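Report on the structure given below.
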Amino acid sequence: MIHWRHRKRMEPRPDPGVPVHSETHAAVVETANKIRAHVLEENGRSDIIRTGLDAGVFGDLYHTLMTMSWFAFFWASMGLYLVINVAFALMYYVIPHSVSGVPHGDFLDDVFFSVQTISTVGYGTMAPVGRLTNTIVSFEVLAGMMLNALATGLFFARFSRPRARVLFSHVAVVSYDDVIPTLTIRLANQRRTLILSANIEMTLTRLMPDERGRLVRRFDRLTLVQSHMPIFRISLNATHLIDDHSPLYGLTAETLIGQNAEIIITMDGTDEISSQTVFARHAYEIGQVKHGYRFSDMIENRPDGRMEVDFRRFHTTEPGDTPKAPDPTPRQETSHDGFRDGRQT
């Protein structure tokens, strides 16, 4: 099996013909060694500190509450609920005999009264006494109405947020079964409903030094054989031909690993039921690309005439034709050299 391995330290290789001074190149290498994570990650990267921005977490609170995990959202809601009730309970506590049915100095009963007030339950055993307490109660009822409305809206927004349940293969494969080598990634629709007007885009991203030796992220589009599907029902293959027009043409694994390269695939379409746009994406490191393999067939026709889709074989690959030795002729005269593994000669 030909399978690329990761290096612990990846040194970028500048393009030929680009002058890079030794001290500049050292700075480029140091910067590259700090970038270890995927270009695409859930909820961003925690090792990046952003400075110079006016808006923080509270400046974009709605987005923060929408993107945090359900576990964090639950405890954040509970914490806010407790803080509000304790704050109002302290007001009742410092006012002597502010609540009937509650002995003065019983802070826990003041908290329970605050909970009943903010939820507008009112069991009748405790009631506000005096104008000052009734004024505080009025503000707490208003705060409770606003809190319930916001909580209901956030819960509904999190539940109703459109998501594409698209499954991406664990690996990408480079197949040499055809005349031209192909890079293929398999996708599957995990729902029974259709995704209409699905668009798929594949991109090669690399860390490359510019003309001044500064490290920049470069994105090269990998043209697909078919990038638009009117109907995405079960599964499909996103296939890129590695011909002489491909950004991958003639590159080795060592070169791509040294450039911290990744292959990004994105898909968007319209959900058939909700009529909302759904989006999915995934990224592959070079070590997740297998050479000389193809994906196993996961669709079979049963004797009763029905079609069976075995998702247990979705990530399964099987050996294909072995890659041919590269043609030593110049690039413009070469038929198809392909995306080579670094150990090929």
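The values are calculated or read from the model by the stated rules, or taken from the named source; none is laboratory data. Keep in mind it's a predicted model, so treat the numbers as computed, not measured. Every residue, glycine among them, receives a Cβ derived from its backbone with ideal geometry; neighbour counts consider all protein chains shown.
Table for the structure above
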item	result
Positions within the stretch 178-211 being assigned to a strand (DSSP E or B) and within 18 Å of the chain's Cα centre (by Cα), in sequence order	ILE185, ARG186, LEU187, ALA188, ASN189, ASN199, ILE200, GLU201, MET202, THR203, LEU204, THR205
Test: residue in the stretch 152-164 that is of a type outside the set (S, T, N, Q), outside any helix (DSSP H, G or I) and over 18 Å from SER274 (Cβ atoms)	no
Residue match in the stretch 273-293 (condition: surrounded by fewer than 13 Cβ atoms within 10 Å (Cβ to Cβ), more than 19 Å from ASN237 (Cβ to Cβ) and charged (D, E, K, R))	no
Matching residues in the stretch 214-235 - criterion: being part of a loop (DSSP other than H, G, I, E, B), of a type in the set (Lys, Arg) and closer than 30 Å to SER197 by Cα	ARG233
Only one of VAL102, VAL111 that is outside the structural domain of GLU272 (by TED's automatic domain parsing), aliphatic (A, V, I, L, M) and assigned to a loop (DSSP other than H, G, I, E, B)	VAL102
Breaking point among (1) at pLDDT below 80; (2) under 30 Å from ARG192 (Cα atoms); (3) of a type outside the set (Val, Ile, Thr), for PRO330	(2)
Some residue of the stretch 179-189 being exposed (fewer than 12 other Cβ atoms within 10 Å of the Cβ) and either out of contact with any strand residue (DSSP E or B) (no Cβ under 7 Å at 6 or more places or on another chain) or outside the structural domain of LEU236 (by TED's automatic domain parsing) (or both)	yes
Flag for SER274 being of a type in the set (Ser, Thr, Tyr), at pLDDT below 90 and in the same structural domain as THR203 (by TED's automatic domain parsing)	yes
Residue in the stretch 231-246 that is farthest from GLU300 (Cα to Cα), counting only those that are free of Cβ contacts under 8 Å to residues at least 60 places away in the same chain and within 25 Å of the chain's Cα centre (by Cα)	HIS240
Restricting the stretch 286-303 to residues that are in contact (Cβ under 8 Å) with a residue 12 or more places away in the chain, part of a loop (DSSP other than H, G, I, E, B) and not polar (S, T, N, Q), the residue that is farthest from ARG186 (Cα to Cα)	GLY292
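Listed here are the residues, each with its yes/no results for (1) aliphatic (A, V, I, L, M); (2) part of a strand (DSSP E or B).
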{"residue": "ASN237", "(1), (2)": "no, yes"}
{"residue": "ASP243", "(1), (2)": "no, no"}
{"residue": "PRO247", "(1), (2)": "no, no"}
{"residue": "ASN260", "(1), (2)": "no, no"}
{"residue": "GLY269", "(1), (2)": "no, yes"}
{"residue": "SER274", "(1), (2)": "no, no"}
{"residue": "ALA280", "(1), (2)": "yes, yes"}
{"residue": "TYR284", "(1), (2)": "no, yes"}
